[in-house]
Each structure stands twice: as C-alpha cells, then as structure tokens.
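Visitor: If you scroll down you'll find the structure; I have some questions about it.
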Amino acid sequence: MRSNSPGKIIVIGGGIAGLSLAAEIADWAEVTVIEREPHLGYHASGRSAALFSETYGNRLVRALTLASRQAIADGGFAAHRRGALHVGWTGDDAAVDRLAGELQALVPSVRRLSAAELHALVPVIAREATCGGVYEPDAVDVDTGKMLAASASALKAGGGIIRTGEEVRAISPDGRGLRVETSAGVYSADIVVNAAGAWVDVVAGLAGLSGLGFQPKRRTAFLFDAPAGADISNWPLVVDLHEQFYFKPDAGRLIGSLADETDSEPCDAWPEDIDVAIAVDRIEQATSMRIGRPSTPWAGLRTFAPDRTPVAGFDPRLPGFFWLGGQGGYGFQVSLTLARMSAALIRGEPLPADVTALGVAAAALAPDRFLTPAATP
Ligand SMILES: Cc1cc2nc3c(=O)[nH]c(=O)nc-3n(C[C@H](O)[C@H](O)[C@H](O)COP(=O)(O)OP(=O)(O)OC[C@H]3O[C@@H](n4cnc5c(N)ncnc54)[C@H](O)[C@@H]3O)c2cc1C
C-alpha cells in the first residue's frame with residue numbers, strides 16, 4: 001500500500017467490473033472484494049457471448065472499447081479473430097448501405113459484402129434470401145474466463161482479499177469512512193465500490209441512496225451442433241440486421257441467441273422455453289440449419305443505465321461511495337478501460353490520456369448525470 005493511498009477499499013461484486021478495478025488498485029490500497037455467490041463470475045460475467053466488437057454500442061461505449069483493444073491483446077485475452085457479420089434480407093439494401101457507411105466511418109476495416117460474398121463466408125445463409133451485409137473482420141472472441149482469472153490473480157498478487165459467499169447487507173457513514181455490514185461480519189472502509197451488476201441500485205439502497213434507474217435486461221442463449229460436415233471454425237458472429245437473433249461458433253458448436261432484452265428484476269436469470277423456441281425458429285427460417293433440440297440453454301442479465309452508457313464515479317451524496325455499473329452488453333469489451341479510468345478517479349488523478357483522446361470525459365460517466373439538483377448536496 002502506497003503512502004497516498006486512502007487505506008481500505010471494499011469492492012462489492014466479483015464480476016468482471018469489480019474484479020478488473022480491484023486488480024488495478026490492489027498495489028495502491030488494501031482491497032477486499034465481497035461476492036455474495038460461492039464463486040466469482042457467477043452472474044452476467046459467467047454467461048456472456050464473449051465478443052469484442054469496436055462497432056457495438058453507443059459512441060462512448062465504442063470509445064471505451066477502442067481504448068481496451070491493446071490491453072485485451074497484451075493480456076492474451078483475444079482468443080480468436082472471429083469477425084462480426086450483420087445480415088440484411090430482401091428489401092434491406094438501403095439499410096445495409098447505411099449501416100456499412102456508419103460503421104466504416106468508425107472502423108475503416110468494416111466492409112459491405114454482396115450476397116455472394118456473404119454466402120461464401122457463411123454458406124448456410126441462402127444467397128437468394130440475403131441482400132448482403134456488413135462485415136467487421138477485426139471483432140475478436142475474448143477469453144472471458146481468462147480475464148476473470150487474470151484479474152483475480154493480479155488482485156491476490158497485490159495483497160488483495162476475495163471473500164465469496166458473503167453478502168453485503170448495509171452501508172452507513174462511519175466517521176470519515178464507511179461501515180459495511182455483511183452476512184459474515186462488519187468492515188470499515190475509506191471507499192466502497194458498488195460493482196454489483198444487476199443489483200447496483202439495490203446496493204445503493206443499502207447505503208440509503210436512491211438508485212440511478214438501472215434496468216437489468218434478460219438475454220437468452222443456448223448451444224447447438226454445427227451442420228454435419230460444415231467447417232464452422234472461421235464463421236463470424238452472424239447477427240440479423242434487425243437484431244432478431246444471432247449465432248456464433250463456440251468451441252466446436254454454435255451459440256444461438258434471441259438477442260432479447262426483456263426487462264427483469266435483479267435475479268439469478270433463467271431462460272424461458274418460449275425464448276429459446278423463438279430463437280431456434282428464427283435461425284432455422286434464416287438459414288439452412290436444422291437445430292432440433294438445442295442444449296444447455298442459459299440466460300443472463302445485461303444491466304443498462306438510462307442512457308446505455310456505463311456509470312463510473314463517486315456519488316456526490318455519500319463521500320467514499322463509488323459507482324461502477326451499467327456495463328450492459330459490453331462488460332468484457334469495456335472493463336479494462338473502465339478499470340483504469342475508475343482507478344484514476346479513485347486516486348484523484350486525471351483520466352488516462354489515451355482515453356480522453358478518444359473523447360471520453362469523466363462527466364459523461366459520472367453518476368451525477370442522473371441526479372436531480374435537489375438530490376445533490
Ligand atoms: C447472454 C449475454 C451475452 C453477453 N455477451 C457479451 C459479449 O459478447 N461481450 C461483452 O463484452 N459483454 C457481453 N455481455 C455482457 C457482460 O457479460 C456484462 O456486461 C458483464 O459481465 C457485467 O459485469 P458486472 O461485473 O457488472 O456484473 P456481474 O458479473 O453480474 O457481477 C456482479 C456481482 O455482484 C454480486 N453482488 C450483487 N449484490 C451483492 C451484494 N449485496 N453483496 C455481495 N455481492 C453482490 C453478484 O452476485 C454478482 O456476481 C453479455 C451478457 C449476457 C447475459
């Protein structure tokens with residue numbers, strides 16, 4: 001622990017958001033990660049489709065993603081150059097052209113594919129059914145397990161502590177710091193980081209604060225076998241232009257998803273049979289694949305702030321209370337940059353120059369943007 005350190009920091013949540021920040025500050029403060037579930041990454045972080053796409057999300061999300069690319073490469077987290085393909089159908093030509101223009105302006109390697117080129121890349125899509133698509137060749141599969149494990153290792157190497165199976169139940173001011181009551185005991189901390197995923201607003205409530213309006217949204221996925229004889233290893237992630245479904249290779253099989261965004265309470269999300277059935281039907285309608293019985297269905301919660309941009313920053317209403325939430329469907333893409341930014345904010349330092357050069361300002365991520373003047377002291 002360095003001399004200008006605040007001392008003790010408690011991070012609530014052992015997903016990629018909390019762990020990556022904890023790893024970033026572990027050699028600077030005494031860091032304890034508290035996770036309610038028996039193991040790390042139990043909720044959203046253990047259920048993702050593991051894609052890193054520079055064209056996904058709003059302007060700030062894309063900037064945070066771009067700023068993460070180097071760290072993803074340096075950490076050895078880029079598992080495969082997967083690519084991502086948005087497929088248009090009959091009548092979608094103008095929309096595909098428009099999307100190609102928009103995405104090329106962001107990422108120059110993006111290309112408009114003709115129907116023939118698209119069919120050559122993913123032969124299960126009938127040439128006569130598609131008007132072509134938009135291809136992002138540099139989207140990569142990330143090794144999410146490795147990212148979680150690397151953060152946990154770095155945290156431990158910095159002297160940090162991980163407490164799984166322990167739930168935070170109350171947070172209150174305590175002299176110059178905060179008192180954190182859990183299912184296993186009481187801690188005092190100088191800073192508490194709220195990285196509770198779908199529960200960020202619930203955890204704010206434990207500190208007597210109103211929430212910021214985060215909305216968890218359920219997304220359903222499942223596995224199915226590749227068509228007999230097909231070499232799927234280099235298929236990209238294939239996403240319907242209208243986001244009605246997607247599929248992508250995963251360890252010799254395919255992940256399918258409805259690309260659903262169903263509002264949910266924070267919970268241990270469970271797939272609905274109907275959502276799996278609709279996704280199977282849509283993929284079968286759009287391709288020559290016959291899925292039959294999908295296996296291993298799962299669901300997870302992607303949690304969004306009202307403007308779909310993550311929140312990172314101190315709450316002006318309670319000194320020492322730091323928000324790190326709203327990673328939505330982009331947690332693995334943005335976490336390493338959000339961790340660096342959050343570490344700078346916690347240390348009272350300027351944001352990293354490479355991040356501000358991409359047009360990201362602290363105010364754009366601050367919780368203050370959702371607080372009315374009356375709520376702010
Ligand atoms: C189906 C699906 C596909 C996705 N695909 C992608 C993708 O391709 N690329 C991408 O980048 N992202 C993707 N995501 C999004 C990504 O998984 C999330 O953005 C990310 O995992 C969020 O991480 P987190 O740490 O904020 O939340 P979580 O992983 O949910 O972690 C929060 C943790 O806080 C804990 N907690 C809550 N309350 C308490 C408490 N009171 N006390 C102690 N602990 C508490 C919870 O138990 C939980 O483990 C996908 C998500 C889903 C569901």
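The values are calculated or read from the model by the stated rules, or taken from the named source; none is laboratory data. These numbers come from a predicted model, not from an experiment. Please note: Cβ atoms are built from the backbone with ideal geometry, for glycine as well, and neighbour counts cover all protein chains shown. With ligands, DNA and RNA removed, areas are computed over all heavy atoms of the protein, side chains included. Shrake-Rupley method; radii C 1.70, N 1.55, O 1.52, S 1.80 Å.
Visitor: About its Cα centre, how strong a charge dipole does the chain have in debye, to the nearest 20, once Lys and Arg get +1 and Asp and Glu get -1 at the Cβ?
Guide: Using Cβ point charges on Lys, Arg, Asp and Glu, the chain gives about 680 debye.
Visitor: Another question about this same structure. Among the trypsin sites (Lys or Arg not before Pro) in the range 100-188, which ones are in a DSSP loop with at most 15 other Cβ atoms within 10 Å of the Cβ? Mind listing them?
Guide: 127, 176
Visitor: Hey, can you find the accessible area per residue of the chain for me, probe 1.4 Å, expressed in square angstrom?
Guide: For the chain, the solvent-accessible area averages 41 Å² per residue.
Visitor: Using alpha carbons only, how many degrees (0 to 90, rounded to 10) separate the axis of helix 273-286 from the longest principal axis of the chain?
Guide: 40 degrees
Visitor: Quick check on the chain: of the DSSP beta bridges with both residues there, what percent are antiparallel, nearest 5%?
Guide: Working: 49 of 69 bridges.
Here the antiparallel bridges make up roughly 70 percent for the chain.
Visitor: Over the chain, with every protein chain in place, what whole percent of the accessible area is carbon and sulfur at 1.4 Å, could you tell me?
Guide: Of all accessible area on the chain, carbon and sulfur atoms account for 52 percent.
Visitor: Would you mind classifying the chain by shape? Square roots of the alpha carbon gyration tensor eigenvalues, ordered a ≥ b ≥ c; an a/c under 1.5 is rounded, otherwise it is prolate if a/b is larger than b/c and oblate if not.
Guide: prolate
Visitor: Relative contact order for the chain: what percent, with Cα pairs under 8 Å and sequence separation of 6 or more?
Guide: Details: 831 pairs, mean separation 84.1, N = 377.
Relative contact order of the chain: 22 percent.
Visitor: With θ set to phi - 60° and the Karplus curve 6.51 cos²θ - 1.76 cosθ + 1.60, what are the ³J(HN,Hα) couplings of the range 243-253 in order, to the nearest whole Hz, using x for Gly and Pro?
Guide: Values, residue by residue: 6, 8, 5, 8, 8, 7, x, 8, 6, x, 10 Hz.
Visitor: For the Cα atoms of the chain, what angle does the longest principal axis make with the long axis of helix 93-106, in degrees from 0 to 90, nearest 10?
Guide: 40 degrees
Visitor: Let me ask something else about it. Can you list residues whose amide H is under 5 Å from residue 11's amide H, if they're 5+ apart or on another chain and H is modeled 1.01 Å from N?
Guide: When sequence neighbours closer than 5 places are left aside, the close amide H contacts are 32, 33, 34, 193.
Visitor: Just check the range 30-151 against the gyration tensor rule for me: Cα atoms, a ≥ b ≥ c as the square roots of the eigenvalues, rounded for a/c under 1.5, and otherwise prolate or oblate depending on whether a/b exceeds b/c. Show your work: numbers first, answer last.
Guide: Values: a/c = 2.58, a/b = 2.10, b/c = 1.23.
It is prolate, given that a/c is not under 1.5 and a/b is the larger ratio.
Visitor: Once you have a ≥ b ≥ c as the square roots of the Cα gyration tensor eigenvalues for the range 238-377, tell me rounded if a/c is under 1.5, and otherwise prolate or oblate according to whether a/b is larger than b/c. Provide the component values of the computation, followed by the final result.
Guide: Working: a/c = 2.97, a/b = 2.16, b/c = 1.37.
Note, shape of the range 238-377 comes out prolate.
Visitor: Continuing with the same structure: Compute the helix-to-body angle for 16-25: its Cα long axis versus the longest principal axis of the chain, expressed 0 to 90° and rounded to tens.
Guide: 50 degrees
Visitor: Related question: Using a cut-off of 20 Å between alpha-carbon atoms, which lysines can reach residue 146, once sequence neighbours fewer than 8 places away in the same chain are excluded?
Guide: Hits, sequence-local ones excluded: 156, 248.
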